[in-house]
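Trainee: Have a look at this one before I ask anything.
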Amino acid sequence: VPDVTLTNWKAADLNQDEVLNVFDLCLMKRVLIESVSEKHNILQDSDRWLWHVIEGSGEVVPDKETNSITANVTQTSPENWQIESQIFDLSLKKNKTYLLSFDASCSNNTEIEVNLVRDTKDYPRYFTGYAALASSKKHFSFVIDDLPESFDDYYISLEYGAGTGSYLISNLTLSEIS
(Lines give C-alpha, C1' and ligand atoms only; values in the text may rest on other atoms or scores of the structure.)
Protein backbone atom coordinates (compact mmCIF):
# COMPACT_ATOMS: atom_id res chain seq x y z
CA VAL A 1 0.00 0.00 0.00
CA PRO A 2 1.79 3.16 -1.17
CA ASP A 3 0.33 5.63 1.39
CA VAL A 4 1.22 3.64 4.51
CA THR A 5 4.13 4.66 6.72
CA LEU A 6 5.51 2.13 9.18
CA THR A 7 7.10 3.66 12.25
CA ASN A 8 9.19 0.57 12.98
CA TRP A 9 9.39 -1.46 9.76
CA LYS A 10 12.32 -3.49 11.08
CA ALA A 11 9.97 -5.14 13.58
CA ALA A 12 8.18 -6.73 10.61
CA ASP A 13 11.40 -7.82 8.87
CA LEU A 14 11.25 -11.32 10.33
CA ASN A 15 13.86 -12.90 8.06
CA GLN A 16 16.20 -9.94 8.77
CA ASP A 17 17.17 -9.20 5.17
CA GLU A 18 16.45 -5.43 5.40
CA VAL A 19 13.49 -5.79 2.99
CA LEU A 20 9.78 -6.23 3.70
CA ASN A 21 8.31 -8.76 1.30
CA VAL A 22 6.18 -11.88 0.96
CA PHE A 23 8.74 -13.95 2.89
CA ASP A 24 8.20 -11.77 5.94
CA LEU A 25 4.43 -12.16 5.55
CA CYS A 26 4.78 -15.95 5.46
CA LEU A 27 6.85 -15.86 8.64
CA MET A 28 4.30 -13.51 10.26
CA LYS A 29 1.54 -15.98 9.43
CA ARG A 30 3.50 -18.83 11.01
CA VAL A 31 4.19 -16.79 14.16
CA LEU A 32 0.51 -15.87 14.42
CA ILE A 33 -0.71 -19.43 13.92
CA GLU A 34 1.78 -20.84 16.40
CA SER A 35 0.91 -18.22 19.00
CA VAL A 36 -2.86 -18.82 18.95
CA SER A 37 -3.00 -22.57 18.44
CA GLU A 38 -2.86 -25.20 21.13
CA LYS A 39 0.14 -27.35 20.28
CA HIS A 40 0.41 -31.01 21.03
CA ASN A 41 3.88 -32.53 20.78
CA ILE A 42 2.96 -35.86 19.24
CA LEU A 43 6.45 -37.30 19.68
CA GLN A 44 5.61 -37.73 23.36
CA ASP A 45 2.85 -40.24 22.53
CA SER A 46 5.32 -43.10 22.14
CA ASP A 47 2.70 -45.82 22.71
CA ARG A 48 0.95 -44.76 19.47
CA TRP A 49 4.10 -44.73 17.28
CA LEU A 50 5.27 -47.48 14.95
CA TRP A 51 8.84 -47.45 13.59
CA HIS A 52 9.87 -49.86 10.90
CA VAL A 53 12.15 -50.78 8.03
CA ILE A 54 10.45 -53.16 5.59
CA GLU A 55 12.89 -52.98 2.71
CA GLY A 56 16.14 -51.07 2.33
CA SER A 57 18.56 -50.76 5.19
CA GLY A 58 18.58 -48.59 8.27
CA GLU A 59 16.97 -47.99 11.62
CA VAL A 60 14.43 -45.58 13.07
CA VAL A 61 14.95 -44.71 16.74
CA PRO A 62 12.75 -42.51 18.94
CA ASP A 63 14.33 -40.58 21.80
CA LYS A 64 11.83 -39.75 24.55
CA GLU A 65 14.31 -37.56 26.44
CA THR A 66 14.84 -35.15 23.54
CA ASN A 67 11.41 -35.66 21.89
CA SER A 68 13.08 -36.53 18.61
CA ILE A 69 13.29 -39.24 15.98
CA THR A 70 16.55 -40.33 14.40
CA ALA A 71 16.41 -42.35 11.18
CA ASN A 72 19.68 -43.70 9.83
CA VAL A 73 19.11 -44.92 6.26
CA THR A 74 22.07 -46.70 4.67
CA GLN A 75 20.23 -48.13 1.65
CA THR A 76 17.13 -46.63 0.03
CA SER A 77 13.97 -48.68 -0.39
CA PRO A 78 11.93 -49.21 -3.58
CA GLU A 79 9.05 -47.26 -2.01
CA ASN A 80 9.34 -44.30 0.41
CA TRP A 81 6.94 -45.90 2.90
CA GLN A 82 9.14 -48.94 3.44
CA ILE A 83 11.27 -46.96 5.92
CA GLU A 84 8.97 -44.83 8.06
CA SER A 85 7.60 -43.59 11.36
CA GLN A 86 3.85 -43.58 11.95
CA ILE A 87 1.65 -42.20 14.74
CA PHE A 88 -1.78 -43.81 14.95
CA ASP A 89 -5.21 -43.09 16.44
CA LEU A 90 -5.38 -39.39 15.63
CA SER A 91 -8.85 -37.97 16.10
CA LEU A 92 -9.39 -35.30 13.44
CA LYS A 93 -12.61 -33.53 12.58
CA LYS A 94 -14.32 -32.55 9.36
CA ASN A 95 -14.34 -28.78 8.62
CA LYS A 96 -11.36 -28.16 10.90
CA THR A 97 -7.91 -26.97 9.90
CA TYR A 98 -4.76 -28.44 11.41
CA LEU A 99 -1.13 -27.38 11.42
CA LEU A 100 1.51 -30.10 11.40
CA SER A 101 4.96 -28.70 12.08
CA PHE A 102 8.41 -29.99 12.93
CA ASP A 103 12.12 -29.26 12.73
CA ALA A 104 14.22 -31.55 10.58
CA SER A 105 17.64 -32.09 9.06
CA CYS A 106 19.51 -34.80 7.18
CA SER A 107 23.22 -35.38 6.66
CA ASN A 108 22.52 -35.57 2.90
CA ASN A 109 20.30 -33.23 0.89
CA THR A 110 17.14 -35.30 0.45
CA GLU A 111 13.45 -35.14 1.27
CA ILE A 112 10.93 -36.90 3.39
CA GLU A 113 7.34 -37.53 2.46
CA VAL A 114 4.70 -36.56 5.02
CA ASN A 115 1.25 -38.16 4.75
CA LEU A 116 -2.07 -38.12 6.55
CA VAL A 117 -3.73 -41.49 6.03
CA ARG A 118 -6.76 -43.36 7.36
CA ASP A 119 -6.00 -46.70 8.97
CA THR A 120 -8.41 -48.71 6.84
CA LYS A 121 -7.82 -51.60 4.42
CA ASP A 122 -7.19 -49.33 1.40
CA TYR A 123 -5.14 -46.69 3.34
CA PRO A 124 -6.59 -43.57 1.67
CA ARG A 125 -4.31 -40.52 1.81
CA TYR A 126 -5.87 -37.18 2.67
CA PHE A 127 -2.68 -35.14 2.62
CA THR A 128 0.79 -35.51 1.14
CA GLY A 129 3.61 -33.01 1.57
CA TYR A 130 7.35 -33.02 1.09
CA ALA A 131 10.10 -31.53 3.23
CA ALA A 132 13.40 -30.82 1.47
CA LEU A 133 16.08 -31.47 4.07
CA ALA A 134 19.67 -30.28 4.34
CA SER A 135 22.37 -30.67 6.96
CA SER A 136 21.19 -27.57 8.86
CA LYS A 137 17.94 -27.82 10.79
CA LYS A 138 14.89 -26.21 9.13
CA HIS A 139 11.35 -25.67 10.33
CA PHE A 140 8.50 -27.15 8.25
CA SER A 141 4.78 -26.48 8.53
CA PHE A 142 1.92 -28.10 6.66
CA VAL A 143 -1.72 -27.02 6.75
CA ILE A 144 -4.14 -29.93 6.64
CA ASP A 145 -7.78 -29.18 5.88
CA ASP A 146 -10.75 -30.34 3.80
CA LEU A 147 -11.04 -33.66 5.61
CA PRO A 148 -14.12 -35.48 4.26
CA GLU A 149 -15.24 -36.90 7.61
CA SER A 150 -14.46 -36.91 11.31
CA PHE A 151 -12.63 -40.10 12.27
CA ASP A 152 -10.50 -41.44 15.15
CA ASP A 153 -8.30 -43.59 12.91
CA TYR A 154 -6.14 -41.12 11.00
CA TYR A 155 -2.39 -41.51 11.15
CA ILE A 156 0.62 -39.46 10.10
CA SER A 157 3.53 -41.14 8.38
CA LEU A 158 7.03 -39.74 7.92
CA GLU A 159 8.68 -41.63 5.08
CA TYR A 160 12.47 -41.77 4.77
CA GLY A 161 12.95 -44.41 2.06
CA ALA A 162 13.86 -42.03 -0.80
CA GLY A 163 17.34 -41.06 0.35
CA THR A 164 20.22 -42.23 2.48
CA GLY A 165 21.57 -40.28 5.42
CA SER A 166 21.04 -39.54 9.07
CA TYR A 167 17.66 -37.83 9.60
CA LEU A 168 16.70 -35.91 12.73
CA ILE A 169 13.09 -34.91 13.38
CA SER A 170 12.17 -32.87 16.47
CA ASN A 171 9.43 -30.62 17.87
CA LEU A 172 6.74 -32.49 15.95
CA THR A 173 3.41 -30.85 16.78
CA LEU A 174 -0.14 -31.15 15.54
CA SER A 175 -2.42 -28.22 16.30
CA GLU A 176 -6.04 -27.46 15.51
CA ILE A 177 -6.02 -23.90 14.17
CA SER A 178 -9.65 -23.42 13.15
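Trainee: Based solely on its DSSP helices, what 222 nm [θ] is calculated for the chain when runs of n ≥ 4 H residues each add -39,500 (n - 2.57) and the sum is averaged over all residues, nearest 500 deg cm²/dmol?
Mentor: Values: 1 runs with 15 residues, N = 178.
It comes out at -3000 deg cm²/dmol, rounded to the nearest 500.
Trainee: Just to be sure I understand: with springs between alpha-carbon atoms less than 10 Å apart, which residue in 96, 121, 29 has the highest mean-square fluctuation in the Gaussian network model of the chain?
Mentor: The residue with the greatest mean-square fluctuation here is 121.
Trainee: Which whole-Hz ³J(HN,Hα) couplings does segment 148-162 yield from phi under the Karplus relation 6.51 cos²θ - 1.76 cosθ + 1.60, θ = phi - 60°, glycine and proline marked x?
Mentor: Taking θ as phi minus 60°, the curve returns x, 8, 8, 9, 9, 10, 6, 9, 9, 10, 10, 10, 10, x, 7 Hz for segment 148-162.
Trainee: Considering only C-alpha atoms, what is the centroid distance from segment 7-23 to segment 107-154, in Å?
Mentor: 30 Å
Trainee: Out of residues 5 or more away from residue 108 or on other chains, whose amide H comes under 5 Å of its own, with H placed 1.01 Å from N in the peptide plane?
Mentor: Here the answer is 166, since their amide H atoms fall under 5 Å of that of residue 108.
Trainee: So what's the angle, to the nearest 10 degrees on a 0 to 90 scale, between helix 22-36 and the longest Cα principal axis of the chain?
Mentor: 70 degrees
Trainee: Cα-Cα over 28 Å: which of 64/138; 29/94; 64/94; 93/121? All intermediate terms of the calculation are to be shown ahead of the outcome.
Mentor: Working: 64/138 21 Å; 29/94 23 Å; 64/94 31 Å; 93/121 20 Å.
From 64/138; 29/94; 64/94; 93/121, over 28 Å: 64/94.
Trainee: Continuing with this model, one more query. Tell me the per residue accessible area of the chain using a 1.4 Å probe; a whole number in Å² is fine. Display every interim value, and only then the final one.
Mentor: Details: 10010 Å² over 178 residues.
For the chain, the per-residue accessible area is 56 Å².
Trainee: Taking all protein chains as present, what is the carbon and sulfur share of the accessible area of the chain, in % to the nearest whole number, probe 1.4 Å? Present the calculation step by step, with values, prior to reporting the outcome.
Mentor: Details: 4900 of 10010 Å².
Ligands and nucleic acids excluded, carbon and sulfur give 49 percent.
Trainee: When the chain is treated as a GNM, springs tying every alpha-carbon pair under 10 Å, which of 76, 120, 110 comes out with the largest mean-square fluctuation?
Mentor: Maximum among the listed residues: 120.
Trainee: Now, a different point. Dividing the alpha-carbon Rg of the chain by 2.2 N^0.38 Å yields what? Please list the in-between numbers first.
Mentor: Details: Rg = 18.0 Å, N = 178, 2.2 N^0.38 = 15.8 Å.
Rounded to two decimals, the normalised Rg is 1.14.
Trainee: Between residue 23 and residue 171, with labels modelled 7 Å along Cα→Cβ, what's the label distance in nm to one decimal, could you check?
Mentor: Between residue 23 and residue 171, the simple spin-label model gives 1.8 nm.
The values are calculated or read from the model by the stated rules, or taken from the named source; none is laboratory data. Nothing here was measured: the structure is a model prediction, and the numbers come from that model. Note: ideal-geometry Cβ built from the backbone for every residue, glycine included; neighbour counts use all protein chains shown. For accessibility, only protein heavy atoms count, side chains too; no ligands or nucleic acids. Shrake-Rupley method; radii C 1.70, N 1.55, O 1.52, S 1.80 Å.
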